[in-house]
Structures are given as structure tokens and as C-alpha cells.
Amino acid sequence: MSDLPDRRLNAYRPDLAEERLRGLVSADNYVVGTTCEVTVPVVQLRARPELECGTDTELLLGEIVHVFDTSAGWAWVKADSDGYVGYVPDYTIGPVIKSPTHIVTAPRTFVYVGPDLRFPTVQPLSMGSRITVVDERETRGTRYFLLDGGQAVIANHCALVDADMANDYVAVAERFLETPYLWGGRSGFGIDCSGLVQLSMAMAGRQAPRDTDMQAKGLGAPITRDELRRGDLVFWKGHVAIMENEHTLLHANGHTMNVSHEGLEESINRIGWLYNQPTGYRRP
């Protein structure tokens, strides 16, 4: 069993597997998958098609997935961005109709029924959501991007999908301060430690694996504690934090239940009694 590919990054079941695993795993059928996109602001991705199953990660509006199977109200998918595999309710995805033109860059924003901040909102969106802009309007000095159907978002909360990204991913992470901690969370509404690393890096044009163990093994290069500087990562078993400078770190954590600042020494002493000492340090 231990020789099987990581189920988080490889889609396989006894009855079905993704085509690229042919010859590596045994399954009754192999499929390439159908390309779809997420059609809701945030959806939880789970290891099993059960609402009682805990969240592995989250997918954001406009993100691309490959769908291998749909059954009993669930879709078995693989995220295009990081390769994560799991189940989402089938109503949360749909065919790709138009390519996204913009990405949300504010931690959180709203979609309005029209281009006016006094209008009712339709739904909230998280940083990282992808939208298709069809026009622009200005109301009382505020610029709006129009979506299909006349809905609108604040233009200053978005950027072109191919625009130059922020150079400092730590500055992006700092914008999530006091965002609630959420196991498996990966959005401005709730986020976990490795989700904060991944989403912040993505907004700086850098790819990162989703889970802490993946990041600890393959993100950047190992360094020593004495070498720590801004942007480096500190790992414990099941946890990761981002260094803001040589002495202070930033992390989504279950102690404060939000994204918070903490001194490096303070965090090592506090975490140590339960999770022991850091397992490693890396420079991504």
C-alpha cells in the first residue's frame, strides 16, 4: 500500500483512474478527464464524497479542474493549479465558457448587482478568484469592472491575470492578518498555515505545494536556523510559518485561531510542549 502514489495528487480508485497512471495503478478504466471551472466563490474539496468528511483544501471561483467522474451529486476532480485530487459537490463546477481576464487581488471583495457600492451584493469573492470582465463603468469616482449580466466588482480590487505579480509574497501574506484560521482553508474568508503560504506565493507568481509536508520536502532549499531572514519558512510537524524578519514570523494558527504575528523564540517555546521543536527551515 505504501508504494501507491500519493492519493492527494493522483486520482485512482479500483474502478477508475486518470490516464497518466495507466501502468502504475490498477483500475477498471482510465480517463483523461473533462476540463471545467469552479462556479462558486469557494468550495471545499474532500477526500471522500461525504459532507461529514473533513476538508482537504479549497478551490476558488474560476479555478480550473479536470473532472474524472460525477455520481450521486459529487464530482471527482483534480485541481489544475496544484494537482490536488478530491470530491466537490457537482453544482459547484461547470464548463469553461470564457477565459478569465482578471484575478482578485484584495483579500476579500464583493460582486454587486451593478456598478454602485450602494447596490445590493450578489456574493463575496476571495483573493485569487478569477473573473471575466466585459466592460467598465465609473460611479461617483469609483471605477467598476462589469461582468456578464451587468454585475460589477471594484476595479481596484482586481488585476489582469497576466499582470506582473507582487515581488514580496510576505507582503501579500501580511494582508491576511486576523483572517480566521480554518482547517483546509485557502481563501480570504478562512485559511490554514500551508494555505497562507500557497495563496500568498501564488499572488506573487510563485508555485507552492498545498500541504505542509509537501512544502517541507520540496519547496525551495533547506537552510539553518541561523540563516533565517524575511520570506524563509519554519516547519514543525504539521505546521508552517513565514518569517517576516530575523526575529518575527507570521502564521495562520490554531492558538490565536487567526493569522497573527509572533516572535520566533516565543513560537518555538509555545509550540514545543505539544509538537516538539521545528523540523526544518527552508528558503523558497
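Below is a table of values for the structure above.
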read-out	value
Residue check for ILE103: of a type outside the set (Ser, Thr, Tyr) and either modelled with pLDDT under 95 or closer than 25 Å to THR34 by Cβ (or both)	yes
Test result for THR212, in contact (Cβ under 8 Å) with a residue 12 or more places away in the chain and in contact with a helix residue (DSSP H, G or I) (Cβ under 6 Å, 6 or more places away or on another chain)	yes
Strands (runs of 3 or more DSSP E) contained in the range 232-280 and holding at least 2 residues touching a strand residue (DSSP E or B) at 6+ places or on another chain (Cβ under 7 Å) and aliphatic (A, V, I, L, M)	233-236, 239-243, 248-253
Verdict on ALA75 being farther than 23 Å from PHE189 by Cα and either crowded, with 16+ Cβ neighbours inside 10 Å or without any contact (Cβ under 8 Å) to a residue 60 or more places away in the chain (or both)	yes
Tally of residues being assigned to a loop (DSSP other than H, G, I, E, B) and either hydroxyl-bearing (Ser, Thr, Tyr) or within 24 Å of the chain's Cα centre (by Cα) (or both) across the range 146-156	1
Selection from the range 81-100 of residues that are touching a residue at least 40 places away in the same chain (Cβ under 8 Å) and in contact with a strand residue (DSSP E or B) (Cβ under 7 Å, 6 or more places away or on another chain)	TYR84, VAL85, GLY86, TYR87, VAL88, PRO89, THR92, ILE93, GLY94, PRO95, VAL96, PRO100
Residues satisfying the stated conditions in the range 266-284, i.e. among the hydroxyl-bearing types (Ser, Thr, Tyr), surrounded by 14 or more Cβ atoms within 10 Å (Cβ to Cβ) and without any contact (Cβ under 8 Å) to a residue 60 or more places away in the chain	SER267, TYR281
Residue ID - nearest to TYR91 (Cα to Cα), chosen from residues in the range 51-70 that are among the acidic types (Asp, Glu) and outside any strand (DSSP E or B)	GLU63
Filter result (crowded, with 17+ Cβ neighbours inside 10 Å and in contact with a His (Cβ under 7 Å, 6 or more places away or on another chain)) within the range 6-37	GLY33
Residues within the range 249-265 that are under 21 Å from ILE223 (Cβ atoms) and exposed (fewer than 15 other Cβ atoms within 10 Å of the Cβ), tallied	2
Extreme residue, farthest from the chain's Cα centre (by Cα), among residues of the range 11-42 that are hydroxyl-bearing (Ser, Thr, Tyr) and within 16 Å of VAL65 (Cβ to Cβ)	THR34
Criterion violated by TRP273 - all others in (1) at pLDDT 95 or above; (2) more than 19 Å from THR57 (Cα to Cα); (3) not charged (D, E, K, R) satisfied	(1)
Matching residues, the range 220-231, being touching a strand residue (DSSP E or B) at 6+ places or on another chain (Cβ under 6 Å) and either within 25 Å of GLY83 (Cβ to Cβ) or part of a strand (DSSP E or B) (or both)	GLY220, ALA221, PRO222, ILE223
Residue count, the range 171-204 (criterion: in a strand (DSSP E or B) and touching a residue at least 24 places away in the same chain (Cβ under 8 Å))	5
Meets criteria (surrounded by fewer than 17 Cβ atoms within 10 Å (Cβ to Cβ) and touching a residue at least 24 places away in the same chain (Cβ under 8 Å)) for GLU138	no
Of the criteria (1) surrounded by 15 or more Cβ atoms within 10 Å (Cβ to Cβ); (2) within 17 Å of HIS239 (Cα to Cα), which one ALA152 fails	(2)
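The values are calculated or read from the model by the stated rules, or taken from the named source; none is laboratory data. Keep in mind it's a predicted model, so treat the numbers as computed, not measured. Glycine also receives a Cβ, built like all others from the backbone with ideal geometry; neighbour counts cover every protein chain displayed.
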